[in-house]
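Enquirer: Here it is, the structure in full.
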Amino acid sequence: MTSKRVPQHDAPPADPVSTPSSEDASTTHELRLRELHHRMRNGLHLLSSALQVQARRSDNEDVRRELGIAVSRIESLVRLHDHAYRHEPEAAPDAATYLADLARHLQSALIDPRSDRMLAIVSNGAVPLDGEAAMSLGSVLIELATNAVKYGAGNVHLDVEYGPGLVTVIVEDEGVGFPPEFELPADAGFGLRLAGRICEQHGGSLTIDRSVAFGRIIAVIGLAR
């Protein structure tokens, strides 16, 4: 029995595999940051409400005072995140004003008002930042400042240095620095991991400077031209 040969046809050329453009990746990154901010904001509001309920139920004046301070700091943290994420991608905030406001919000949100610790942000000059760059820079500053206040000691200093096509953030505290066995990103918590990912997505890096006897971490963020 003779079998019929089925005619073979050339398959139509496959569509070229599309790769996400840098613009698409940037948009995805921005949306993820905004989603994270939205979730954190909602969580902080719930926590603030719960603490206020506990304060009203307590008959102890000291407890009510401590809970009131906690609520105030949580609300400052909400304002801090609102400030960092309020800019639209096409907006161009003034960098000096943006950093000054951010420093004030960080001080209020992260440091107990009864403490003599101080947090400062300085820069070597103001350059225009578009909304996305401001949002990314603000996110890195928030995470690194939070880490320094939580795990470091004494005053916290954030130095923002602008150079051709990049911005470098040097964060220092007056503690003893990172343990010798601590490595990025393996031993980092969520905040440092997030800061590192943001730096890498902008062609930069996050590194620990062990050449000094105090805490110092350096973030580099590339700026789109």
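Enquirer: Starting from the 7 Å offset along Cα-to-Cβ, what nm value, one decimal, do you get for the label separation of A100 and H38?
Expert: With each label placed 7 Å out from Cα toward Cβ, I get 3.3 nm.
Enquirer: So, one more: Please give the contour-minus-distance gain from R64 to R117: 0.36 nm per residue of separation, less the Cα-Cα distance, rounded to one decimal in nm.
Expert: Numbers: separation 53, 0.36 × 53 = 19.08 nm, distance 2.39 nm.
Length gained, R64 through R117: 16.7 nm.
Enquirer: Compute the whole-percent fraction of alpha carbon pairs in the range 23-222 spaced more than 31 Å apart. Can you show the working numbers first?
Expert: Details: 4017 of 19900 pairs.
The calculated P(r) of the range 23-222 puts 20 percent of pairs beyond 31 Å.
Enquirer: Now, a different point. Test of understanding: what is the full-extension gain from K150 to R197, defined as 0.36 nm times their sequence separation minus their Cα-Cα distance?
Expert: Details: separation 47, 0.36 × 47 = 16.92 nm, distance 2.04 nm.
Fully extending the segment from K150 to R197 adds 14.9 nm.
Throughout, read-outs are computed from the coordinates displayed, never taken from laboratory work. This is a predicted model, so every value here is computed, not measured. Cβ coordinates were reconstructed from backbone atoms using ideal geometry, including for glycine residues, and neighbour counts include every protein chain displayed.
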